[in-house]
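S.K.: Got a structure for you, written out below as structure tokens; questions coming shortly.
The values are calculated or read from the model by the stated rules, or taken from the named source; none is laboratory data. The shown structure was predicted, so the numbers you read here are calculated from the model rather than taken from an experiment. Reconstructed Cβ throughout: ideal geometry from the backbone, glycine too, with neighbour counts over all protein chains shown. For the accessible areas, the whole protein counts, side chains as well, though only heavy atoms, and no ligand, DNA or RNA atoms are used. Shrake-Rupley method; radii C 1.70, N 1.55, O 1.52, S 1.80 Å.
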Amino acid sequence: MNYKPVIVIAFALFAFIILLGYLAFNWNTQNINYYLQVDDCQIDKTSCQVRLDKHSSIKINILPRGIPSTGKLTVYIEEQGDKLNESSVSFEAIEIDTTTPQYRLYRQTENSFSGSAFLAICSLSKQSWITHLFVKKGNETWEISLPFSKQLEN
């Protein structure tokens, strides 16, 4: 039975490939406890106030206004109430089905975070986007979605 070592090695390699695929697929997933969809604020034109729970809320601001697709964006978050542990942001383009990486936001003051982000370049005349803000407080994580649209800049 000279085939036994080959079968054992093949089985071990197959198990390793399955494990590697699982880890790659779940590498950047977060356990989201709460999903908030904000439809009553235009994040590309103004700051947005979002209540997380009865103890805390945040104010989100993305500059420059209009959220240009060719320049650096600065994302600001001001906390009110309970303190957040961490925060990040990503942008999802709907028509071209793409998502930017998550950009980490860094604590700036006792009650604020900020960081830089970039949109993916898009050549469509009009593009719908969703800003996904991730905030963590204690053991709970919120994903806050803020939709906006952009016209192609000339």
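S.K.: Check the stretch 101-112 and report whether any residue there is farther than 24 Å from N33 by Cα, at pLDDT 90 or above and open to solvent by less than 30 Å² (accessible area, probe 1.4 Å). Even if it seems obvious, please write down each step before you answer.
M.R.: So the first thing to find is which residues in the stretch 101-112 are farther than 24 Å from N33 by Cα, and the list is 108-110.
Subset that is at pLDDT 90 or above: 108-110.
Then keep just the ones that are open to solvent by less than 30 Å² (accessible area, probe 1.4 Å); that gives none.
Within the stretch 101-112, none of the residues are farther than 24 Å from N33 by Cα, at pLDDT 90 or above and open to solvent by less than 30 Å² (accessible area, probe 1.4 Å).
S.K.: Residues that are closer than 20 Å to K45 by Cα, in a strand (DSSP E or B), under 16 Å from the mean Cα position of the chain (by Cα) and at pLDDT below 95: does the stretch 138-147 have at least one?
M.R.: No, the stretch 138-147 has no match at all.
S.K.: Taking interchain pairs and intrachain pairs at least six residues apart, which have beta carbon atoms under 7 angstrom, with the first residue in the stretch 88-102 and part of a strand (DSSP E or B) and the second of a type in the set (D, E)?
M.R.: T99/E92
S.K.: Can you list the strands (runs of 3 or more DSSP E) found entirely within the stretch 43-86 that contain at least 2 residues being touching a strand residue (DSSP E or B) at 6+ places or on another chain (Cβ under 7 Å), open to solvent by 80 Å² or more (accessible area, probe 1.4 Å) and closer than 15 Å to S145 by Cα? Break it down into steps so the answer makes sense when it comes.
M.R.: Values: elements: 48-53, 56-63, 73-81.
Here the list reads 48-53.
S.K.: Here is a list: L133, L119. Which entry is open to solvent by less than 50 Å² (accessible area, probe 1.4 Å) and outside any strand (DSSP E or B)? So that I can check it myself, show each step before the final result.
M.R.: Details: L133 fails: outside any strand (DSSP E or B).
Of L133, L119, the one residue that is open to solvent by less than 50 Å² (accessible area, probe 1.4 Å) and outside any strand (DSSP E or B) is L119.
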